[in-house]
Amino acid sequence: MAEKTLLVERRDKVALLTMNRPDNLNALNRDLQDSIIGACEEIRNDDNIWVVVLTGSGRGFSSGADLRGGRPEGVIEQSRQERIDVYSWVGRLATAIYRTIDKPIIAAVNGVAAGAGMSVALACDMRVGTPNTRFKVVFLERSLCTDTGMSFFLPRIVGYSRACDLIFTSRFVEAEEAYRIGLLDRLVPADKLIDESIALANQIATLPPVAMQVARRVLQQSMESYLEEQLRNESFGLIMARRAPHDMQEQRDSFLERRPPKFTGK
């Protein structure tokens, strides 16, 4: 029986997703792509999961698209839907992580993140790395344009000119530089990566989940809007955040009673 390419582990309110192709540096073959997209759809509808951590097994996060992997056995040609899909798998993967999951997602970048694997890490809301973490854009070396949302995420994270530097040179970015320029939000010892990432996720999960999801949506909207439009987005976000009456009451009661709040998302 073939081993699963994506491992899903639940730790209280946190889902830990582990890309599981260590012999290929977690290269993104068809099965792994579909498994990540499917997991994002399931997690979106699971009210018991509040935060997600995505990592890779072995010594790498993901080396990008699997250039050696063909189509799944028995699949001869693309389906009609695939032939007319303007986003292709790379677009579906980026939108699954950035949009579909609709909950905070943290990339625990345990090693190299290259090409589409780097894009996957950038599509996450935050990135935690170790001294072993390395980023590399790669695309131009393969005579390709960036994909999987790289041209959207990278300049918004590090700025336009730094994005040009990393894309045009295709050089490795080591952990210290990655942390300095904003590719990494936390830099922790290698043997503490998962523990620290889960701890960060648990910290996020102490806050009301409806308000958290709305805050995430509003932040994403801010990446593509102007001030007046964003003020309207925030006003609508306030309305949405209040749709958890228990948590609205709990935040007030816990403050007045000087005790830690117990949010439920209801």
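Details
- Among the numbered conditions (1) surrounded by 22 or more Cβ atoms within 10 Å (Cβ to Cβ); (2) assigned to a strand (DSSP E or B), the only one that L16 does not meet is (1).
- Within the range 119-173, considering residues that are in contact with a Pro (Cβ under 7 Å, 6 or more places away or on another chain) and not β-branched (V, I, T), the one farthest from T55 (Cα to Cα): A163
- Residue within the range 193-203 that is more than 30 Å from D247 (Cβ to Cβ), assigned by TED's automatic domain parsing to the domain that holds S151 and in contact (Cβ under 8 Å) with a residue 60 or more places away in the chain present: yes
- Leading residue by the ranking (surrounded by the most Cβ atoms within 10 Å (Cβ to Cβ)) among those in the range 19-28 that are of a type outside the set (D, E, K, R) and over 16 Å from I194 (Cα atoms): N26
- Selection of the range 29-57 for residues being loosely packed, with under 15 Cβ neighbours inside 10 Å and part of a loop (DSSP other than H, G, I, E, B) yields N45, D46, D47, N48.
- Here R83 passes the criteria (1) modelled with pLDDT of 95 or more; (2) farther than 30 Å from L207 by Cα except the one numbered (1).
- Among residues of the range 161-189 that are assigned by TED's automatic domain parsing to the domain that holds L200, those with a beta-carbon under 7 Å from a residue that is assigned to a helix (DSSP H, G or I) and charged (D, E, K, R) at least six positions away or on a different chain give the pairs S170/E141; I181/R162; R186/E196; V188/E196.
- Among (1) within 24 Å of V137 (Cβ to Cβ); (2) outside any loop (DSSP other than H, G, I, E, B); (3) more than 13 Å from the chain's Cα centre (by Cα) - the single one N26 does not satisfy: (2)
- Within the range 205-230, residues that are touching a residue at least 24 places away in the same chain (Cβ under 8 Å) have Cβ atoms under 6 Å from residues that are assigned to a loop (DSSP other than H, G, I, E, B) and of a type in the set (D, E) in these pairs: Q213/D102, counting only partners at least 6 apart in sequence or on another chain.
The values are calculated or read from the model by the stated rules, or taken from the named source; none is laboratory data. Because the structure is predicted, anything quoted here is derived from the model rather than measured. So basically every Cβ, Gly included, is an ideal-geometry build from the backbone, and we count neighbours across all protein chains shown.
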